[in-house]
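Values quoted throughout were computed directly from the atomic coordinates according to the rules given, and no laboratory measurement underlies them. Model, not experiment: these values are computed from the prediction. Methodologically, a virtual Cβ is constructed for each residue, glycine included, from the backbone with ideal geometry; neighbour enumeration extends over all protein chains shown.
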Amino acid sequence: MIEEKGIIYLNNVNKSYSTGVPALNGINLTIGRGEFVFIVGDSGSGKSTLIKLLLRELTATSGSVYVMGCDLAKLKHRQIPKFRRNLGVVFQDFRLLNDRNVYENVAFAQRIVQTPANEIRRNVPAILATVGLAGKYKAKTKQLSGGEQQRVALARALVNNPSILLADEPTGNLDPKNSWEIMKLLEEINEAGTTVIVVTHNREIVNAMQKRVVTMKKGVIVSDEEKGGYIDED
Ligand code: ADP
Ligand code: MG
């Protein structure tokens, strides 16, 4: 299907869980191919719900969600794995396979999509070098620092060369130095052509990086600024 509006296009999207107030309420959002976008907002404002809609982990209660021209409401269950190959994702808690080494964590993502073994042997070292982990192939993930673990997660998210990278609070468990390093990597990945969407609470980084900033509050987008900053409450 053609990608008319943007690589991501949400039109009047609502999402209600079975309990409580709507998590998303009338979301309109267009993100162009190649953009870098921060999504900020208080806890409970709907940021992770939005990410889950884009991943097709959840479906909208009403309204439409298009990713790469694909109407996610029309996506059949058997089509979801192929759809998700376009998306890389990282989370606050890394979600690595802790009984395997660094190389295996990244190679696993390639095996799932049936990449030939000779390509895996070429791709995994290349992506580990990109995230600054050349030489750590054999380390068990538990032996790594938080910053290193997030780099492994990033390598795994990128190894299949996705069009879009979604990061839900990727620096939430990292110290300031590692947070900056991960954000700089995300910026480089974006500059190499990937559309990058980052949910974060890191006010200092958001203010310094001068990217597009979408601010959410109680399920609504309350501001959307090019070269924006973190909007203070009160
Ligand atoms: P954020 O990521 O901005 O903290 P979330 O998208 O996680 O916000 O949550 C938005 C709202 O939806 C919150 O009120 C939260 O309690 C509610 N919510 C999130 N996930 C669920 C769920 N699985 N079941 C019921 N309510 C949920
Ligand atoms: Mg969240």
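Put a dot 7 Å past the Cα of residue 99, heading toward its Cβ, do the same for residue 142, and the two dots end up 1.1 nm apart.
Only helices enter this figure: runs of n ≥ 4 DSSP H residues, each worth -39500 (n - 2.57), summed and divided by the residues of the chain, yield -9500 deg cm²/dmol at 222 nm to the nearest 500. Helix 176-191 and the longest principal axis of the Cα set of the chain meet at an angle near 80°. What is the distance in Å between the Cα centroid of segment 156-234 and that of segment 38-105? Taking the Cα centre of segment 38-105 as reference, the centre of segment 156-234 is 15 Å away. Across the options 195, 153, 120, the greatest Cα extent toward the positive end of the charge dipole of segment 44-198 (unit charges at beta carbon of Lys, Arg, Asp, Glu) belongs to 120. For segment 77-109, applying the loop criterion from DSSP together with a ceiling of 16 other beta carbons within 10 Å to the trypsin sites (Lys or Arg not before Pro) yields 85, 95, 100.
Only the Cβ atoms of Lys and Arg (+1) and of Asp and Glu (-1) were treated as charged; on that basis the dipole of the chain about its Cα centre amounts to roughly 1120 debye. When the P(r) of the chain is calculated, the portion above 26 Å amounts to 38% of the C-alpha pairs.
Could you tell me what percent of the DSSP beta bridges with both partners in the chain are antiparallel, to the nearest 5? About 50 percent, rounded to the nearest 5.
Residues within the reach of a label modelled at residue 119 (point 7 angstrom out along Cα to beta-carbon, backbone nitrogen below 16 Å), restricted to segment 88-107, are 107.
Listed here are the pairs 184/227; 142/177; 47/142; which of them are more than 27 Å apart at the Cα? Correct reply: 47/142. Rounded to whole numbers, the Karplus 3J(HN,Hα) couplings from phi for segment 7-14 are 5, 10, 9, 10, 10, 6, 8, 10 Hz, using 6.51 cos²θ - 1.76 cosθ + 1.60 with θ = phi - 60°, and x at Gly and Pro. Here segment 30-101 is assigned +1 on the Cβ of each Lys and Arg and -1 on the Cβ of each Asp and Glu. Its dipole about the Cα centre then comes out at about 460 debye. Between helix 102-112 and the chain there is an angle of about 60 degrees, using the helix long axis and the longest principal axis of the Cα atoms. In summary, the aspartates and glutamates within cross-link reach of residue 217, defined as a Cα separation below 17 angstrom excluding same-chain residues under 8 places away, comprise 42, 168, 169, 225, 232, 233, 234. Cut-off 10 angstrom, C-alpha nodes, Gaussian network model of the chain. Which of 86, 160, 98 fluctuates the most? Maximum fluctuation in the GNM of the chain, among the listed residues, is at 98.
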